[in-house]
Amino acid sequence: MEKQQFKAESKRLLDLMINSIYTHREIFLREIISNASDAMDKLAYTALTDDQVGISREDLAITITRDEKNRTITVSDNGIGMSREEMEENLGTICKSGSLNFKQNMEKKEEIDIIGQFGVGFYSAFMVASSVTVISKKYGEDTAWKWVSDGADGYTVEQAQRDAAGTDVIMTLKEDTEDEENSRFLQEYELRNLIRKYSDYIRYPIRMEVSKSRKKADSSEDQPEYENYTELETLNSMVPLWQRNKKDVAEEAYHSFYREKFFDYNKPARTIHFSAEGTVSFKALLYIPGKAPYDFYTKEAKRGLQLYSSGVMIMETCEDLLSEHFRFVRGVVDSQDLSLNISREMLQHDRQLTIIAKNIEKKIKAELTAMLENDRESYETFYEAFGRQLKYGAVANYGAHKASVQDLLLFWSHTQGKLISLKEYVEAMAEDQEKIYFVPGESRERLAKLPQVETLKKRGFDVLLFTDDVDEFVPQSLMTYMEKSFCNATSEDLGLRSEEEKRELDAKTEELKGFLTFVKETLGEQVKEVRLSADLGSYPVAMVPDAGMSFEMEKYMKRVDPQFAFPVGRILELNPEHEAVKALQNAMTEDPLKAKDYAQLLCCQAQLMADLPLEDPAAYTELVCKLMK
Ligand code: ADP
C-alpha cells in the first residue's frame, strides 16, 4: 500500500513533536481524551435532531485499555467517528488555516511552551508513540477505516472492522531511553494520575480496568485470604466544583477541594466562587490562603491560577491571570471561550486572558476590602501573612499598581497602638494637620522614643511607625494619599513652624553662626552639617539624614546590595533651648577643650538615638569617663 505524505505544515509540527526534548510529554493523553470527548459531544448534538442515533448521553464513555506486552495504550470512544475522507483531512493535516507559519519564526523554546500550554491535539501522540493507529467508524456509515502512521514517513488508510460508531486511538509506545521513560504510561497508577491531573472534569466517564483485591468469600474472618480481580472503574470526577451552583456546595467541600488541589492543610481565609458572562464567559474558584507558604517570599514561589477550558486543564499556573500584588491567591479558572487551537494567533488568548484577569483583580480587591471593613481580625491575620506582598505591589513598577492596593495597606499607628489603614489615618487627622507623618526604623519601641515623634504627639498628630524594609518606599511611590502628602519625620521639615517662627530660627542661626561653625569643625567629617532645630522638644540633639534619604534605607541597601550601598549624609541638629546645648555654648568661650569633648559627646548621643552604630564605642566610653572625673 502506498504511503500518503503529510501536508507541509503538519510535517513540520510532527518533526517538532517527535524531536522535542519536551518535558510535558504526558499531555498527549489529555489531548487524545479531549478529542474523544469532542466526538461524543458531536454525537450527542446529532442525537437532538436525529432519533436514529439510538444512543443516549448516559451511554457515552471513554475507555482506556493498556496492553503491557504489546506496549500499547488505546483510547476508545463511542462518539461520532470519522469517515475515510475525514480521517485523511483531519489526521493528515493540521492547522487547516495554515497559520502555523507564525510559529516558524519562533524560538524552539517558545514552541515547546505552546505545546505544553495549549496542545496541538492529535499529533502529540507522537511524542510518546512510535506508531499510532486510528480505527474509526463514522456514525451513519457502514464501513470502518484504519489509519496508521509511524510518524514522519506519512500514513496509510485501509478498510477495517468496527461494530459501532466511534474511534479507537491505539498508541504503541516508543522504547525507553535515558531521558524518556515511556513505559510509565503503561502503568495503571500513572494513567490514573494523569487523568486526575488533566482530564478530571471531562463530562463523560473515563473508564479503565483497574486491579483490585478483595477478601475471598469462603475464607474465614480470622485468617482471611485475598484474591485479585479487575474492575472497570471511572477515573474522573466529571463535574468540577466550580461548575456547580454556589448554594449547592458546602463550605467543607470548598475546603477539601482546596486542600487536595493545592496541598495546603491550613483553612483558606476566604473562598471566592463566581462566574462572569460577557465578552468572555468564565467561572472562577479562588482562595485567599490562611497562611503564607514557607517559600512565599522567595524567587522560587510561582504565581498563577490553574486554567481550564471546558473541564480540561490547559495550564497548571497561568501567570497572566493574576497580578503580582495578589499572587498569594490560589485557584482555578475555567472558560469555554478560550480558543485552544494552535492555528489561531496567540494574541487572541492574550486579549481574552486580559479580560478575565481584570475581572479577577476586581473580585479579589472587593473581597479584601470587605474583609478589612467587616472582619478586621481575619484581615489582620491575612495581613500578617501577605501584607508585605501588598506593599511590594504598591511600590513595584514605580507604583503602576498602587491604585489596586493602597487602600488595603496597614501601618502601625503610634497614638492608637494598632495597625490602621491610610484612610483611617487621614480621617483621624487633627484639623490643623497637613501631612501624613511616618518614621522608619527597626523597632516600634525605639521609634516611639524619637524626639520628632514626641514633638508631633504633643501637637496631637499621629505618626506611623514603619518597621518593614519596604514600608519606606511606599510613600515614595504613592506620593499622596487622599490628597495628603507624606512626611518622613526623621528627615524632612515637619512643617509645624509658622513663617514667624521660621524667621526667628533663622535669626537665631545667624546669631549662633560662630558656635555652629565651631561644632562642625570639631566633628569634622563625622557630620555633613550642623544646624539648629526647634522641633526637638525635650531632647538636646538629633541626627537626621540628608535630604530625601533615610538611615533605614542606607542600612537596607547595605544588607541587600552592599555594592550599591551609599552613605547617607548625617546632619546634627541642636536644640538651642536645651541646657546641654547651652552648656556647650558656654564651654566654647570658657574652656574650648572641654567644649570639644561636649560636642563629641552630643554627636554620639544623637547617633545612638537615631539607631546608628557608633564608629568607636571605646572612645565614646573613655570620653564619658573623662567628663565624669
Ligand atoms: P483539534 O482537536 O484541535 O481540532 P486534533 O489534531 O486533535 O485537533 O484533531 C483533528 C481533528 O480530528 C478533530 O478536529 C476531529 O475532527 C478529528 N478527530 C480527532 N480525534 C477524533 C475522535 N476520537 N473522534 C472523531 N474525530 C476525531
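The values are calculated or read from the model by the stated rules, or taken from the named source; none is laboratory data. Since the structure is predicted, the reported quantities are computational estimates derived from the model, not experimental observations. Neighbour counts run over all protein chains shown; Cβ positions are idealised from the backbone, glycine included. The area values use the complete protein model at the heavy-atom level, side chains included, leaving out ligands, DNA and RNA. Shrake-Rupley method; radii C 1.70, N 1.55, O 1.52, S 1.80 Å.
Quick notes on this one:
- Value of relative contact order over the stretch 409-493, rounded to a whole percent, pairs C-alpha under 8 Å and six or more apart: 36 percent
- Scanning residues 5 or more positions from M315 or on other chains, those with amide H under 5 Å from its amide H are L307, with H placed 1.01 Å from N in the peptide plane.
- Distance between the 7 Å Cα→Cβ label points at K418 and Q187: 5.4 nm.
- Accessible surface, 1.4 Å probe, highest first, among residues Y539, Y392: Y392, Y539
- Highest-first arrangement of 446-454, 417-425, where packing means the average Cβ count within 10 Å: 446-454, 417-425
- Spin-label pair K69/K42, simplified geometry with 7 Å Cα→Cβ offset, distance in nm: 3.4 nm
- Eligible lysines near K594 by straight Cα distance, threshold 28 Å, same-chain separation 8 or greater: K508, K513, K520, K528, K582, K626, K629
- Portion, in percent, of the accessible area of the chain that falls on carbon or sulfur, probe 1.4 Å: 47 percent
- Applying 1/(1 + (r/R0)^6) with r as the Cβ-Cβ distance of R376 and Y229 and R0 = 60 angstrom yields a FRET efficiency of 0.55.
- Taking a sphere under 11 Å around the Cβ of Q4 and counting the other residues whose Cβ falls inside, with K and R at +1 and D and E at -1, yields a net charge of -1.
- Net charge of neighbours whose Cβ lies under 12 Å from the Cβ of D468, counting Lys and Arg as +1 and Asp and Glu as -1: -3
- Relative contact order for the chain: 8 percent, from Cα pairs under 8 Å spaced at least 6 residues apart, divided by residue count.
- When +1 charges are put on Lys and Arg Cβ atoms and -1 charges on Asp and Glu Cβ atoms, the dipole computed for the stretch 241-383 relative to its Cα centre reaches about 80 debye.
- Computed label-point distance, nm, for sites V560 and D295 using a 7 Å Cα→Cβ extension: 2.1 nm
- Compactness index (Cα Rg / 2.2 N^0.38 Å), the stretch 563-609: 1.43
- Only Cα pairs under 8 Å and 6+ residues apart enter the sum, and on that basis the relative contact order of the stretch 497-629 stands at 26 percent.
- With Cα atoms, 0 to 90° folded angle of helix 551-560 axis to the chain main axis: 40 degrees
- Distance-filtered residues of the stretch 448-465 - backbone nitrogen under 16 Å, label point 7 angstrom along E501 Cα→Cβ: 451-462
- At an R0 of 60 angstrom, the distance between the Cβ atoms of S237 and D546 translates into a FRET efficiency of 0.40.
- Sequentially through the stretch 67-78, phi angles give Karplus couplings (6.51, -1.76, 1.60; θ = phi - 60°) of 9, 5, 5, 8, 6, 10, 10, 10, 10, 10, 9, 10 Hz, Gly and Pro residues having no value and appearing as x.
- Per principal axis, descending, Cα span of the chain in whole Å: 119, 57, 55
- Potential lengthening of the chain between K246 and K484 amounts to 81.5 nm, from the contour at 0.36 nm per residue minus the alpha-carbon distance.
- Rounded to whole Hz, the Karplus (6.51, -1.76, 1.60) HN-Hα couplings of the stretch 127-136, x for glycine and proline: 6, 10, 9, 7, 8, 10, 10, 10, 10, 9
- Available extension along the chain between K594 and D320 is 91.9 nm, counting 0.36 nm per residue and deducting the alpha carbon span.
- 1.4 Å probe accessible area per residue over the stretch 497-629, in Å²: 58 Å²
- Acute angle (nearest 10 degrees) that the helix 513-523 long axis makes with the longest principal axis of the chain, alpha-carbon atoms: 60 degrees
- Packing-based order for 497-506, 207-216, 596-605, 165-174, using average beta carbon neighbours within 10 Å, highest first: 165-174, 596-605, 207-216, 497-506
- About the Cα centre, charge dipole magnitude for the chain (Lys/Arg +1, Asp/Glu -1 at Cβ), debye: 360 debye
- Against the chain, whose longest principal axis comes from its Cα atoms, helix 579-590 is set at around 50 degrees.
- When the Cα positions of Q476, Q452, N488 are compared along the charge dipole of the stretch 409-493, Q452 comes out farthest toward the positive end, with charges on each C-beta of Lys, Arg, Asp and Glu.
- Using a Förster distance of 30 Å, the FRET efficiency for S211-S256 (Cβ separation, nearest 0.05): 0.65
- Principal axis dimensions, largest first and in whole angstrom, of the stretch 497-629 by Cα: 46, 44, 25
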